[in-house]
Amino acid sequence: MAQSINIMELHLPQLEMLKNQLDQEVDSMYVPGKLHDVEHVLIHVGTGYYVEKTAEDAKDFFKRKIDFLTKQMEKIQPALQEKHAMKQAVMEMMSQKIQQLTALGAAQATAKA
């Protein structure tokens, strides 16, 4: 059964205790709620910092963030592809060396017998 808490009625120590309990829960928890002021929202800007913005400013912020991340992904994509190709080449070379060592060991074992 879900528990209902009106956080507006809690005192600071109770809010801190509730926050600590929530911090110990999962990283992401979604609960139903109602916004009393739909024109202003809090957005997480990183490292535990939140900023109050208008809904329109928040949309602009997230659009800029998406654009920035998209450009960063596009920048690193060629480097990732190159690293992947180098990894494949190293894996292939290792496989060849292992096959050579296995064949050499088998040949030596046959020669001793």
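The values are calculated or read from the model by the stated rules, or taken from the named source; none is laboratory data. Since the model is a prediction, treat every value here as computed from it, not as a measurement. For neighbour counting, all protein chains shown are included, and Cβ atoms are generated from backbone atoms with ideal geometry for every residue, glycine included. Quick note on the areas: whole protein, heavy atoms, side chains included, nothing else; ligands and nucleic acids left out. Shrake-Rupley method; radii C 1.70, N 1.55, O 1.52, S 1.80 Å.
Within the accessible area of the chain, what % is carbon and sulfur when the probe is 1.4 Å and the other protein chains stay in place? Intermediate results must be reported in sequence, preceding the final value.
Working: 6590 of 10900 Å².
Roughly 60 percent, rounded to a whole number.
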Original post:
What percent does the relative contact order of segment 16-113 come to when contacts are Cα pairs within less than 8 Å and at least six residues apart?
Top reply: 12
Original post:
Reachable lysines from LYS75, Cα under 20 Å, same-chain residues fewer than 8 places away excluded?
Top reply: LYS63, LYS65, LYS83, LYS87
Original post:
Using the heavy atoms of the protein chains alone and a 1.4 angstrom probe, what is the accessible area of segment 38-113 per residue in square angstrom?
Top reply: 89
Subject >> Nitroxide proxy distance, nm - points 7 Å out along Cα→Cβ at ARG64 and GLN100 >> reply: 5.6
**OP:** Would you please give the residues with an amide H less than 5 Å from that of HIS40, counting only those at least 5 places away or on a separate chain, with H modeled from the backbone geometry?
**Re:** ALA55
Subject >> Angle between the chain longest axis and helix 12-24 axis [Cα atoms, degrees, rounded to 10] >> reply: 20
Subject >> lysines with Cα under 21 Å of LYS59, excluding same-chain neighbours fewer than 8 positions away >> reply: LYS34, LYS71
Subject >> GLN24 paired with VAL38, simple spin-label distance in nm, labels 7 Å along Cα-to-beta-carbon >> reply: 3.8
